[in-house]
Amino acid sequence: MPKKKPAKHYGEDDITIPVSPQTGSSIDTWWWLTHKGTTTSFLCISLFALLIRSAVTMYPYSGAGIPPKFGDFEAQRHWMEITTNLPVIDWYRNGTYNDLTYWGLDYPPLTAYQSYIHGIFLRFFNPESVALLSSRGHESYLGKLLMRWTVLSSDAFIFFPAALFFVLVYHRNRTRGGKSEVAWHIAMILLNPCLILIDHGHFQYNCISLGLTVGAIAAVLCESEVLTCVLFSLALSHKQMSAYFAPAFFSHLLGKCLRRKSPILSVIKLGIAVIVTFVIFWWPYVHSLDDFLMVLSRLAPFERGIYEDYVANFWCTTSILIKWKNLFTTQSLKSISLAATILASLPSMVQQILSPSNEGFLYGLLNSSMAFYLFSFQVHEKSILMPFLSATLLALKLPDHFSHLTYYALFSMFPLLCRDKLLIPYLTLSFLFTVIYHSPGNHHAIQKTDVSFFSFKNFPGYVFLLRTHFFISVVLHVLYLTIKPPQKYPFLFEALIMILCFSYFIMFAFYTNYTQWTLSSHFGSSDKEKKQI
C-alpha cells in the first residue's frame, strides 16, 4: 500500500490542513478562514456579505420611476416623511397630512419608530427627501443613496450581531475539526439570497424583524427565556409576519415550563416579560381603546382578500380550480384559513410541548412558519423569507433539501424580482449560493445527518420527480423571459411557477414535520431535560 502523504502544517500554531490522499493538495477551502476562530471567520464573511449587499443596491428597486404610487421603496420613504413631521398619535390616523390610501402605515409601532429614526437621518442630509407632502415620489440620487444606507446599517447593526449570537451558541460545543462547517454555516446565514434580494434589491427592512427573531432563537438555545420573550416581542412589534414563528416559541417555552417544579410561576414570569415589552413599545396607543384598535385595524388588511398576485401557497394555487372568493365571504375565509393554519401547525406544537428540545425547536420554527406561509390569510411572495430563515439555521441538518428549498424559494419570487428589474442579481446570487453550498470541506459532515432519518430518496421515483421539477423550472425561466403569454391567459407563466413551487413546498413540509417527530425517538433519551428544582 502506498504511504499517505503527511498533513501540511501552517504557522507557529501547528494547524493541520486536510489534504487529499491522491494529490496532496488541500481539500478544505475553509481552513484559511477558520484557523483564527469563529469570530474572525464571522467578521471576514460579514465584510464579503456587506460587499454583496452593496452591489445589489446599485440595481433598481420596487416601483422605481413608476408613478403615481411607485412601490415599496416609496412606502418606506413615505413612512419616514409621516413620522418625522406628524405627532406620534397621528401616524396611523387618516387626515389631511396623512392619507392612508397613499401607503398608510400598516406595520406595528416598532416599524414606525424605525422609520422615525431613519427619517431623522435623511432629514439631516437631504431635508427635501422627507418634506411633508412635497416629497411624494422623491427619487433624487442622494435620497436613494441614503435610503439604501439605512437598510445596510440595519443589517449590520441588527441582523449580523444576532446571527453571530446564534452561531456562537449553536456551535459552542463544536470541536476544532468542525470549524469549517461553522464557517460554511455562517456563509449560508449571511449570504441568504432571498433576504438580500428583497431587502437590498426590492427594498424592505426584513433584516430587523428577522434579526430580532434570530436573537430570540439564540436566547432559547442558551436558556435565557426572559430575553427570548423580550426579543420575540420586539420582532412582533416590528412586523406582524413574525407571528409565523409564534407557535414554535409558544409550544417550546410552554413545554419547558411544564417540566419544572413550579410551571405556573414559570409561565407567569414569561408572560410578564411579554406584556411589559409590548406595553413599553405600544405605549402611545394603549391609553385609548379607539387608538389601540385603530392601529390593529391597520395591521390586518382583510379587505384585500385571502390572496393577492400568484403566491405559491394553498389558497392561491387551488384557486385555479376552486374560486374561494366567490364561494365564501371574507369573514368565512378568515375562519377557514385560521383553522387550516392551526391544524398545519398543531403536530409541530404538540411534539414540542411533549418533548421540548433545541433541535426540535428549530424544526418547529420551520414547520410553523411554513404552515403560515401555506395556509394563512393574505400571504405575499416575500413571506417565504420566514420559513427560509428557519431552514437556513438548520442548513447543517438538511442535507440536500436546503439547496432545493433555496432554489424554489428564489424561483417563487422570480416574477416579482423580474418586475423590479433584478434579474442579474437574481442569477448572480443563485450562482454564488450554489458555489458556496457545494464548496469542498462541508459535505462530508452534512451527509451524515440524513442516515437515520426519513428521506424522500427512499421513495421510488423521487429523484426522477425532483429532476423533472428542476427541468420544468428551467424551461419556465426561459419562457417567462422570452415568450409573451397568450392574451387570454396573461398570467399563465406566473401560475405555472406558483404550482411548481407549491408542490415542492408541500413535500418539504411533510418531510420536516416527520423529521421533527422522529427526534423524540432518536434523541429523546439524550436530549430529555430533567425537572429543574
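The values are calculated or read from the model by the stated rules, or taken from the named source; none is laboratory data. Note that this is a predicted model, so its numbers are computed, not measured. Every residue, glycine among them, receives a Cβ derived from its backbone with ideal geometry; neighbour counts consider all protein chains shown. Just the protein is used for accessible areas: all its heavy atoms, side chains included, with ligands, DNA and RNA removed. Shrake-Rupley method; radii C 1.70, N 1.55, O 1.52, S 1.80 Å.
Please compute the Kirkwood hydrodynamic radius of the chain from all pairs of different C-alpha atoms, in Å with one decimal.
Numbers: mean 1/r = 0.0404 Å⁻¹.
Across the chain, the inverse of the average 1/r is 24.8 Å.
Relative contact order for region 222-291: what is it in percent, counting Cα pairs under 8 Å that are at least 6 residues apart? It would help to have the intermediate numbers written out before the result.
Numbers: 30 pairs, mean separation 28.8, N = 70.
So the answer I get is 41 percent.
So how exposed is residue 397, as accessible area in Å² (1.4 Å probe, rounded to 10)?
60 Å²
For residue 70, what is the net charge nearby, where nearby means another residue's Cβ is under 15 Å from its Cβ and Lys, Arg count +1, Asp, Glu -1? Please list the in-between numbers first.
On the way: positive: 69, 77, 136, 144, 419, 421; negative: 72, 74, 81, 99, 139, 420.
Net of charged neighbours comes to 0.
Normalised by the number of residues in region 306-410, what is the relative contact order in percent for Cα pairs under 8 Å and 6+ residues apart?
Numbers: 97 pairs, mean separation 33.4, N = 105.
Contact order relative to length: 32 percent.
Please calculate the 1.4 Å probe accessible area of residue 335, with all protein chains present, and give it to the nearest 10 Å².
70 Å²
Taking 21 Å as the cut-off for C-alpha to C-alpha distance, list the pairs among 323/421; 69/488; 421/488; 69/144; 69/323 that go past it.
Working: 323/421 32 Å; 69/488 28 Å; 421/488 25 Å; 69/144 16 Å; 69/323 29 Å.
Too far apart for the 21 Å limit: 323/421; 69/488; 421/488; 69/323.
If you average the sequence gap of Cα pairs under 8 Å that are 6 or more apart and divide by the length of the chain, what percent do you get for the contact order? Can you show the working numbers first?
Values: 673 pairs, mean separation 88.8, N = 533.
Answer for the chain is 17 percent.
Once you have the Cα-Cα distance between residue 280 and residue 482, take 0.36 nm times their residue separation minus that, and quote the gain in nm to one decimal. Could you put the intermediate results ahead of the total?
Numbers: separation 202, 0.36 × 202 = 72.72 nm, distance 5.27 nm.
Additional length available on full extension: 67.4 nm.
Treat each spin label as a single point 7 Å out from the Cα along the C-beta direction, and report the residue 471 to residue 90 distance in nm.
So the label points at residue 471 and residue 90 sit 6.3 nm apart.
Can you give me the three principal axis dimensions of region 198-260 from its C-alpha atoms, in Å, biggest first?
46, 19, 15
Just want the answer: with Cβ charges of +1 for Lys and Arg and -1 for Asp and Glu, which residue in 236, 277, 251 is farthest toward the dipole's positive end in region 222-291?
Positive-end residue among those listed: 251.
Output the 0 to 90 degree angle, nearest 10, between the alpha-carbon long axis of helix 401-412 and the longest principal axis computed from the alpha carbons of the chain.
Orientation of helix 401-412: about 30 degrees from the principal axis.
Quick one: Debye curve from the C-alpha atoms of region 272-332, no solvent, what's log10 I(q)/I(0) at q = 0.14, 0.20, 0.23, 0.27 Å⁻¹?
So the normalised log intensities work out to -0.62, -0.79, -0.90, -1.12.
Which three extents, in angstrom, do the Cα atoms of region 73-195 have along their principal axes, listed largest first?
Rounded to whole Å, the extents work out to 63, 30, 23 Å.
Taking K and R as +1 and D and E as -1, what net charge do the other residues with C-beta under 10 Å from the C-beta of residue 131 add up to? Present the calculation step by step, with values, prior to reporting the outcome.
Numbers: positive: 123, 136; negative: 81, 128.
That works out to 0.
Can you compute the charge dipole magnitude of the chain about its Cα centre, using +1 on each Lys and Arg Cβ and -1 on each Asp and Glu Cβ, nothing else charged? Give it in debye, rounded to the nearest 20.
Working: 40 positive and 30 negative charges, 235 e Å.
With only Lys, Arg, Asp and Glu charged at Cβ, the dipole is about 1120 debye.
Between rounded, prolate and oblate, where does region 135-251 land on the alpha carbon gyration tensor, with a ≥ b ≥ c its root eigenvalues, rounded for a/c under 1.5, else prolate if a/b exceeds b/c? Could the numbers behind the result be given before it?
Working: a/c = 2.71, a/b = 1.48, b/c = 1.83.
Note, shape of region 135-251 comes out oblate.
How big is region 222-291 along each principal axis, measuring the range of its Cα positions in Å and listing the largest first?
41, 23, 20
Using the Cα centre as the reference, give the magnitude of the dipole from point charges on the C-beta atoms of region 158-282 (Lys, Arg: +1; Asp, Glu: -1; all else neutral), rounded to the nearest 20 debye. Mind dumping the intermediate values first?
Values: 10 positive and 4 negative charges, 102 e Å.
Charge dipole, region 158-282, about its Cα centre: 500 debye, nearest 20.
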